[in-house]
């Protein structure tokens, strides 16, 4: 027998067996997987995080400065980097993940969590800023709208536009109901075209996308305004927005901004929070002292002071 019973009743181990055991790797079974350090975890994520922060910084600077040139620089970065390079877009599948409380592993998905957090926080602060400034697909359609001849566009009659805007909420409700019953993630490919940035899809999907983009040439921002379930979700969240666009007393009669709004987000003195994407068009008009009647009324009342501080009425 290799093992002997000692006088104390404990098993004694023969010395030569100890030597043999120590010669083996991890003789007592105490070997553990090396602990991964944060430096090792972050190493492959540094570049993505840095570029993402740079993009968000550009987007916020262009938004705060109300600069058309910077807005289109942001659109280029959104389409090229956020879209085709990384496919960083908020999708209906992210809403499914929230419903299932199924989140990526935090330490390996820091860029995703940063992207998700910026989207949620910016929506609560300003409304659908994501749709108007960050979303790669929204950037693509707004760029198309800017470079194509205005005579190509079909202006949707206001009564039709108001009713069509409700379609996206129906799409959102239908998709969520379908997912809760089936848990089939593939429903996303039938309700959003964001897969195009990954350059995959069936011939039928690409055909449907081509039809959608052709229609968008004539009806500006067609998908974003009338069909997008993510836009519907962020639109509902926009009711929580802290920093809203100011409206002045003259806005109850003036229709300049309403006519200029490409999103159907202005109705008389009201900003429709579910439709507004903070595109800056009306805010630039507010600041134009030669166009906005607010300034002309002030100048008429007191010609000695051309510009007075604006006082919001809501």
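Summary of values
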{"quantity": "Breaking point among (1) surrounded by 15 or more Cβ atoms within 10 Å (Cβ to Cβ); (2) in a loop (DSSP other than H, G, I, E, B), for residue 243", "calculated": "(1)"}
{"quantity": "Residue in the range 191-220 that is surrounded by the most Cβ atoms within 10 Å (Cβ to Cβ), counting only those that are over 16 Å from the mean Cα position of the chain (by Cα) and not in a helix (DSSP H, G or I)", "calculated": "220"}
{"quantity": "Filtered residue count, the range 74-91, keeping only those that are under 14 Å from residue 142 (Cα atoms) and in contact with a helix residue (DSSP H, G or I) (Cβ under 6 Å, 6 or more places away or on another chain)", "calculated": "5"}
{"quantity": "Criterion: in contact with a helix residue (DSSP H, G or I) (Cβ under 7 Å, 6 or more places away or on another chain) and at pLDDT below 95 - qualifying residue of 66, 71", "calculated": "66"}
{"quantity": "Subset of the range 151-177 (residues that are free of Cβ contacts under 8 Å to residues at least 60 places away in the same chain and within 20 Å of residue 255 (Cα to Cα))", "calculated": "155, 157, 159, 160"}
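For (1) outside the structural domain of residue 96 (by TED's automatic domain parsing); (2) over 17 Å from residue 98 (Cα atoms); (3) at pLDDT 95 or above, each residue gets a yes or a no:
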{"residue": "117", "(1), (2), (3)": "no, no, yes"}
{"residue": "130", "(1), (2), (3)": "no, yes, yes"}
{"residue": "137", "(1), (2), (3)": "no, yes, yes"}
{"residue": "145", "(1), (2), (3)": "no, yes, no"}
{"residue": "149", "(1), (2), (3)": "no, yes, no"}
{"residue": "166", "(1), (2), (3)": "no, yes, yes"}
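The values are calculated or read from the model by the stated rules, or taken from the named source; none is laboratory data. Every value quoted in this text rests on a predicted model; they were computed, and no experiment measured them. Positions of Cβ are generated from backbone atoms using ideal geometry, with glycine treated the same way; all protein chains shown enter the neighbour counts.
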